[in-house]
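Working notes for the structure below.
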Ligand SMILES: Cc1ncc(COP(=O)(O)O)c(C=O)c1O
């Protein structure tokens, strides 16, 4: 073990968990090189390096920007990459009404700014915010108050932002229902519960916004049914409530469309973006209608590093690459291959007993396992309750064979977030390692 790793173990705050105590030395395309070996990276640094590690064109754009302007503070003036990035993003917004941008650094920061804009522009200054059970919106106090995927993000640290209510999301296991429950039924139940929440707990006049991820991310990679999103839009329209769609993880091609909201066509009042926007350079954004941001007093939006020039220059090049390298076509082709491999395991007589569900869109795919949980819901498995969970064991075996994967959610889920640029051969290798690992775990006692 190198001295630096020892320093890390001793001095990096232990509240930050790690897959392994190794040194990440270099990232190149779909590969992550450590001090010990190299891994096929199906984590993308939690859905960030969508165009592969250190994409040469993004690197070049950032290098040129470093030598031109590093910090063009947003309260001092415009800078070129900031405005150029807006020009690149305007045509790919999931709805043409989204024409007013503000860039920040992290997803959490953008989520909190979205809440500010929703409250201020709706006139419901102290308005409540409704989020989804199973949601993840970040770790800062405000964002973690909106996070309901696991208790760990806000456990024993006091109350976060007040005025937050959670409503059920159409995810059968989380609702205590069997996997076979028809989607229509889940949607009906969830919309009913939301109507009840507005009737019993948070009056529409006191509710500023509903926030959700179009594909629940950290909560288990569960896409929101289109009919649910349409139902939410209707409830928002009927009650003068803002709909905030958080595409921090699902955006920038991850699901096979530029934004996952395009699948339903539902218009967000406010869109939150980050992660894939700049392929690893810290950048996030909140996008809404100009008529809404015009209600924000001058100086009410800001931040020292908001919309950093290098990050924005990287973002501009990412948008060029997305179009010129036909990234969405690759997502669709590789997604079909990944899903076929997972379905094979799901139906194989030797492994099918491990599988509760395979789901997702594009290259945002979740596999939920059946653990040895005593949980009474058919096929459901709460990983917190099962230290010997299947996902963790599969993840460990994959790592030993050179494939890096992440688990997620309160359930026993492995998530696949490979680079959107992954080649056919790399996908084949990843699937081979995953299949071998699942088969080995299936044979364990
Ligand atoms: C949907 C979603 N929203 C918000 C966040 C928070 O982003 P950040 O970690 O950059 O604060 C994340 C992070 O994973 C996310 O997945």
Options 144, 108, 100: the member that is surrounded by fewer than 23 Cβ atoms within 10 Å (Cβ to Cβ), within 12 Å of the ligand (Cβ to nearest atom) and either in the same structural domain as residue 314 (by TED's automatic domain parsing) or more than 16 Å from residue 288 (Cβ to Cβ) (or both): 144
Matching entry among 264, 284, 300 (being more than 13 Å from the ligand (Cβ to nearest atom), within 23 Å of the chain's Cα centre (by Cα) and in contact (Cβ under 8 Å) with a residue 24 or more places away in the chain): 264
What number of residues in segment 37-86 are within 16 Å of the ligand (Cβ to nearest atom) and out of contact with any strand residue (DSSP E or B) (no Cβ under 9 Å at 6 or more places or on another chain)? 0
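Out of 278, 313, 340, I need the residue that is at pLDDT 95 or above, surrounded by fewer than 20 Cβ atoms within 10 Å (Cβ to Cβ) and at negative phi. Which one?
340
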Qualifying residue in segment 224-247 (condition: in the same structural domain as residue 103 (by TED's automatic domain parsing) and at pLDDT below 95): no
Determine which member of the set 208, 224, 203 is farther than 21 Å from residue 360 by Cβ and crowded, with 24+ Cβ neighbours inside 10 Å. 208
Scan 224, 199, 208, 278 and give me the residue that is away from the ligand (no atom under 14 Å from the Cβ) and either in contact with a strand residue (DSSP E or B) (Cβ under 8 Å, 6 or more places away or on another chain) or more than 23 Å from residue 122 (Cβ to Cβ) (or both). 208
Looking at segment 127-149, which of its residues are in contact (Cβ under 8 Å) with a residue 40 or more places away in the chain and more than 16 Å from the chain's Cα centre (by Cα)? 127, 128, 129, 130
The number of residues in segment 227-239 that are without any contact (Cβ under 8 Å) to a residue 40 or more places away in the chain and touching a helix residue (DSSP H, G or I) at 6+ places or on another chain (Cβ under 7 Å) is 0
Could you figure out which of (1) in contact with a helix residue (DSSP H, G or I) (Cβ under 6 Å, 6 or more places away or on another chain); (2) at pLDDT 95 or above; (3) within 20 Å of residue 300 (Cα to Cα) isn't true of residue 121? (2)
Select, from 172, 154, the only residue that is more than 27 Å from residue 82 (Cβ to Cβ), under 21 Å from the mean Cα position of the chain (by Cα), within 15 Å of the ligand (Cβ to nearest atom) and assigned by TED's automatic domain parsing to the domain that holds residue 221. 154
Identify, by number, the condition in (1) buried (at least 17 other Cβ atoms within 10 Å of the Cβ); (2) within 19 Å of residue 233 (Cβ to Cβ); (3) in contact with a helix residue (DSSP H, G or I) (Cβ under 9 Å, 6 or more places away or on another chain) that residue 171 doesn't meet. (2)
Out of (1) surrounded by 20 or more Cβ atoms within 10 Å (Cβ to Cβ); (2) touching a residue at least 60 places away in the same chain (Cβ under 8 Å), what's the single condition that is false for residue 214? (2)
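The values are calculated or read from the model by the stated rules, or taken from the named source; none is laboratory data. None of these values were measured; they are calculated from a predicted model. All Cβ positions, even for glycine, are placed from backbone atoms using ideal geometry, and neighbour counts span all protein chains on display.
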